[in-house]
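Quick notes on the structure that follows.
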Amino acid sequence: MDKLEALLDRLKARQRELIMQAAAYDTMPADSTLKRIAELENAIAAVEAVADEERRR
């Protein structure tokens, strides 16, 4: 479980970095940046689901 939590922390930190970088500019973020943010969101949701399953065991 600790490894899942550590992975979740890394994913969230990376996503936050990208969001903060995008917010620093007054323009729309590049499509590639938006895609990475969305992909990280999917990965975060997947890890959270697995962590929830593990907690129920």
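The values are calculated or read from the model by the stated rules, or taken from the named source; none is laboratory data. The model shown is predicted, which means the values in this text are computed figures rather than measured ones. Counting neighbours? That spans all protein chains shown, and the Cβs are built from the backbone with ideal geometry, glycine included. The accessibility values were calculated without ligands, DNA or RNA, using every heavy atom of the protein model including side chains. Shrake-Rupley method; radii C 1.70, N 1.55, O 1.52, S 1.80 Å.
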Within segment 13-25, is even one residue open to solvent by 100 Å² or more (accessible area, probe 1.4 Å) and in a loop (DSSP other than H, G, I, E, B)? yes
Can you confirm whether segment 35-44 contains a residue that is among the small types (Gly, Ala, Ser), in a helix (DSSP H, G or I) and either in contact (Cβ under 8 Å) with a residue 60 or more places away in the chain or touching a Leu at 6+ places or on another chain (Cβ under 6 Å) (or both)? yes
Can you say whether Glu5 is free of Cβ contacts under 8 Å to residues at least 24 places away in the same chain and among the charged types (D, E, K, R), as far as the supplied structure shows? no
Note: among Ala13, Ala6, just one is small (Gly, Ala, Ser) and within 10 Å of the chain's Cα centre (by Cα), namely Ala13
Residues in segment 26-57 that are of a type in the set (Val, Ile, Thr), over 22 Å from Met1 (Cβ atoms) and surrounded by 11 or more Cβ atoms within 10 Å (Cβ to Cβ) total 2
Note on segment 1-12: residues part of a helix (DSSP H, G or I) and either in contact with a helix residue (DSSP H, G or I) (Cβ under 8 Å, 6 or more places away or on another chain) or over 30 Å from Arg57 (Cα atoms) (or both) are Leu4, Glu5, Leu7, Leu8, Leu11, Lys12
Would you check if Ile37 is under 23 Å from Arg57 (Cβ atoms) and β-branched (Val, Ile, Thr)? no
Run Pro29 past the list (1) in contact with a helix residue (DSSP H, G or I) (Cβ under 6 Å, 6 or more places away or on another chain); (2) in a helix (DSSP H, G or I) and report the number of the one that doesn't hold. (2)
